[in-house]
């Protein structure tokens, strides 16, 4: 088994360890008494292990300290391999928050339904980096790409219509989303573009933004939300906000072209359940996993050294207070 060490700098402690051993040997040579005799003839056959036993405790302790240094260096085995799968997907969600998203053909309205269903989608993609861009008459990044989905969901929930100037700048929203993901090194780069209207604001044409997405290999899933026919839209009147039935206008041809150009797909969601199914379909399509065969895995191997060090120290204690307690 081959070993590597995560913290090899701790091996410098062996210098101090060697100094302690050297000091012990020097001290023993200084302390050992000796005498001169004319002949050793009378001492033949006299043997004792006491001079050796008196060093056992020190040897045990220094051996344990040597193992502790090895533990600090974090030994790791490097001969274990396994096949793993990983999801290399980055997703930016571009959400329309224009006033028309308050229409109540979805419950409680289009925007709140989109937020709730989108956060459910996020919760099911724990391995992906996901970001959020919002747009109406203008566009800005609510959250950059992140794996901190709790913070992302909190930012999602804080979104509301009226945060920015009203209108529907689809091109600007898509371009902003593309700019947030174009430099990603993920295997799959995706923009989920959700809107309920027709592009009527912004300085960037939607198809121009789609061409940029295609250039950077970004796939766009476009979602048009809104019932077919009439829907209750909020209208400001002298008596406050009232809801009036107005025709749903979604530029489906534009959204289909964007999806087609970027090798994505267009979906139409006419109610909450349909929107749930749209996100489920996107989730299935983007669950493709990347298999990495013979992925090298390092395994921590400090435990066996820790057990050995503990046994040596325990043996030292037992000998010190039992068999060797009377040996100076």
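Every number in this text was worked out from the coordinates using simple rules, so none of it is lab data. Please read all numbers here as calculations on a predicted model, not as lab measurements.
Annotations for the structure displayed:
- Alpha-carbon centroid distance for the pair segment 301-326 / segment 157-206, whole angstrom: 66 Å
- Relative contact order %, segment 88-288, counting alpha carbon pairs below 8 Å whose residues are six or more apart: 23 percent
- In percent, rounded to a whole number, the relative contact order of segment 98-205 is 28, using alpha-carbon pairs under 8 Å and six or more apart.
- Averaging the sequence gap over all C-alpha pairs within less than 8 Å and six or more residues apart, then dividing by the number of residues, gives segment 213-256 a relative contact order of 36 percent.
- Extension gain for residue 246 to residue 74 (0.36 nm times residue separation, less C-alpha to C-alpha distance): 55.1 nm.
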